[in-house]
Amino acid sequence: MDKDTNKGDRIAKVLARAGIASRREAERMIEAGRVTVNGRRIDSPALNVTPTDKITVDGQPLADPDPPRIWLYHKPTGLVTTARDEKGRPTVFDNLPEDMPRVMSVGRLDLNSEGLLLLTNDGEIKRRLELPTTGWLRKYRARVKGAPKDEDFAPLRAGITVEGERFQPMEVTLDRQQGANAWVTVGIREGRNREIRRAMEAVGLTVNRLIRVSYGPFRLGDLKPGAVEELRPRVVRDQLGLDKDFQQPAKPRPKRRPRR
């Protein structure tokens with residue numbers, strides 16, 4: 001095992017690239033004693049490894065990483081975006097096609113929100129797309145109760161503080177009035193917990209429907225609720241600007257068709 005921290009990659013990064021878990025989750029697995037390197041159980045992620053090191057997780061050898069893949073998923077309401085739910089509620093991952101590999105969500109949508117959710121088999125891609133420095137705009141269509149005027153959204157466009165938490169300026173467009181509700185398009189770049197709902201409440205509006213329609217260059221389009229669509233490898237590489245470490249191998253695994 002190479003002890004020189006200038007060589008190799010951090011163990012958590014290697015686990016994430018292999019699709020075991022996100023980097024943060026991999027660090028927790030390491031601290032729980034579930035990972036060994038060259039036969040020695042480790043309890044700290046402060047370790048670099050190289051391809052010659054033998055790594056196991058829960059006693060199973062670490063497989064070579066699959067090619068990085070991304071899926072677009074139209075999340076319906078009523079599903080939680082977590083692998084396990086302590087309340088026993090149905091999760092996003094319970095409702096995916098059976099032949100999909102193990103995937104992680106890029107960020108989350110809360111129980112009552114719907115729309116575009118990105119899924120990936122690569123923990124490093126997940127981490128990269130979730131970082132605020134990525135700066136990708138996430139667009140939502142929000143239905144709010146009442147008949148707001150355009151000037152009501154000025155605090156959101158300027159940046160608002162809610163319960164001591166500062167939200168970055170939002171892009172807000174008042175689209176149309178529909179009976180007792182109005183439709184609004186909202187663009188954010190951070191995606192804090194219930195950010196749009198909380199921000200709207202701060203200006204006196206209640207969101208009763210929230211649909212994410214895009215995440216950076218990726219769009220929901222005509223994807224039906226519950227449907228999954230894999231992006232082509234070239235699109236993944238081009239849109240993410242992946243370097244040589246993320247390139248597809250010469251013989252990628254054949255695509256499997258989702259269950260209908």
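The values are calculated or read from the model by the stated rules, or taken from the named source; none is laboratory data. It should be emphasised that the depicted structure is a prediction, and the values quoted were computed from it without experimental measurement. All Cβ positions, glycine included, derive from the backbone under ideal geometry; neighbour counts span all protein chains shown. SASA here: full protein model, heavy atoms, side chains in, ligands and nucleic acids out. Shrake-Rupley method; radii C 1.70, N 1.55, O 1.52, S 1.80 Å.
Observations on the structure shown:
- Per residue accessible area in Å² of the chain, where ligands, DNA and RNA are left out and the probe is 1.4 Å: 56 Å²
- Rg/Rg_ref, the range 116-172, where Rg_ref = 2.2 N^0.38 Å and atoms are Cα: 1.48
- Debye intensity ratio I(q)/I(0), log10, the range 1-155, q values 0.10, 0.21 Å⁻¹ (C-alpha model): -0.47, -1.34
- Residue with peak Gaussian network fluctuation, the chain [Cα springs, cutoff 10 Å], from Ile55, Ile211, Ile70: Ile55
- A crude spin-label estimate for the pair Lys54 and Arg24, with each label 7 Å from Cα along the Cβ direction, gives 3.4 nm.
- Met200 contributes an accessible area of around 0 Å² to the protein surface, as traced by a 1.4 Å probe with all chains present.
- For the cross-link pairs Lys7/Lys75; Lys54/Lys75; Lys7/Lys126, the ones whose C-alpha atoms lie over 30 Å apart are Lys7/Lys75; Lys54/Lys75.
- Protein heavy-atom surface of the chain, 1.4 angstrom probe: 45% of the accessible area is carbon and sulfur, with nucleic acids and ligands not counted.
- Expected-Rg normalisation [2.2 N^0.38 Å, Cα atoms] applied to the chain: 1.14
- Stretched out straight at 0.36 nm per residue, the stretch from Asn95 to Thr173 would grow longer than its current Cα-Cα span by 24.8 nm.
- Relative to the current alpha-carbon distance between Ala147 and Asp64, full extension at 0.36 nm per residue lengthens the span by 24.4 nm.
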